[in-house]
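Okay, so here's the structure we're looking at.
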Amino acid sequence: MIELKNVHKKFGHLEVLKGIDLTVTKGEKLVIIGPSGSGKSTLIRCMNGLEEVTSGEVYIDGKKMTHKTRAALNRQYSSMVFQQFNLYPHLTVLENLTLAPIKLKKVKKEEADALAMENLQRVGLVQKAHVYPTTLSGGQQQRIAIARSLTMKNPVIYFDEPTSALDPEMVQEVLDIMIGLSHDDVTMVVVTHEMGFAREVADRVVFCDEGRILEEGTPEHFFVNPENERTRAFLSKILR
């Protein structure tokens, strides 16, 4: 579903990604871990075309992503759940969910409304359809953001540290929704520090540091016997 070949990304003179090779298969649940500043968020933004790579190649479902095609490929294949929710405050919850399907995919309003309500039911917030996002807690807003990503019906969903902006008591309610999604036939790429989630959901875990992938493997490999010394040092701190 997703393939990166020797991807480099620079911001000015700062090289954030340094030759990334990565393949994500259809339906796979890939979790990306690593210290802050390791390039994790930039990596998934390059995957879905929000950032244009400096060099290297990105393919989505066999189609090469270029400057001209990245917006269309993003619209067709992927949805994104951000750290800070990115809901439109002047729109109701229902309007937030239906805006993109109506504008970008030309879905009829009645169909978009029905799909949005179905996904609000799934995240347990159907009663909030007609309120504004600012009246909701952070956990509720992130659940709305997940419902919005589902309403696009795209085959890939990216999650960029979706619990990092939440109070601790709200984290689990969002993780529970994501755990439920993991049983669907959707490709999930998740940047997170939630190691319990990685253990439970991931088909494969990737460890990044200083713009490179240093190790990848199953959760069993990572949390029982990681091979790379840097991986072991990171996990020893985060799993205390």
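For region 94-108, how many residues are assigned to a helix (DSSP H, G or I) and without any contact (Cβ under 8 Å) to a residue 12 or more places away in the chain?
The qualifying residues number 4.
Please work out if Asn96 is open to solvent by 40 Å² or more (accessible area, probe 1.4 Å) and either under 24 Å from Pro219 (Cβ atoms) or polar (S, T, N, Q) (or both).
Criteria not met by Asn96.
Which ranges mark the strands (runs of 3 or more DSSP E) fully within region 121-240 that have 2 or more residues being free of Cβ contacts under 8 Å to residues at least 24 places away in the same chain, of a type outside the set (Val, Ile, Thr) and open to solvent by less than 40 Å² (accessible area, probe 1.4 Å)?
Passing ranges, in order: 212-217.
Considering only region 72-93, state which residues are open to solvent by less than 60 Å² (accessible area, probe 1.4 Å), under 23 Å from Val24 (Cβ atoms) and without any contact (Cβ under 8 Å) to a residue 60 or more places away in the chain.
Matches in region 72-93: Ala72, Leu73, Asn74.
The values are calculated or read from the model by the stated rules, or taken from the named source; none is laboratory data. Just so you know, these numbers come straight off a predicted model, no measurement behind them. Cβ: placed from backbone, ideal geometry, glycine included. Neighbour counts: every protein chain shown. The protein model used for the area step is the full one, side chains on, heavy atoms only, and it has no ligands, DNA or RNA in it. Shrake-Rupley method; radii C 1.70, N 1.55, O 1.52, S 1.80 Å.
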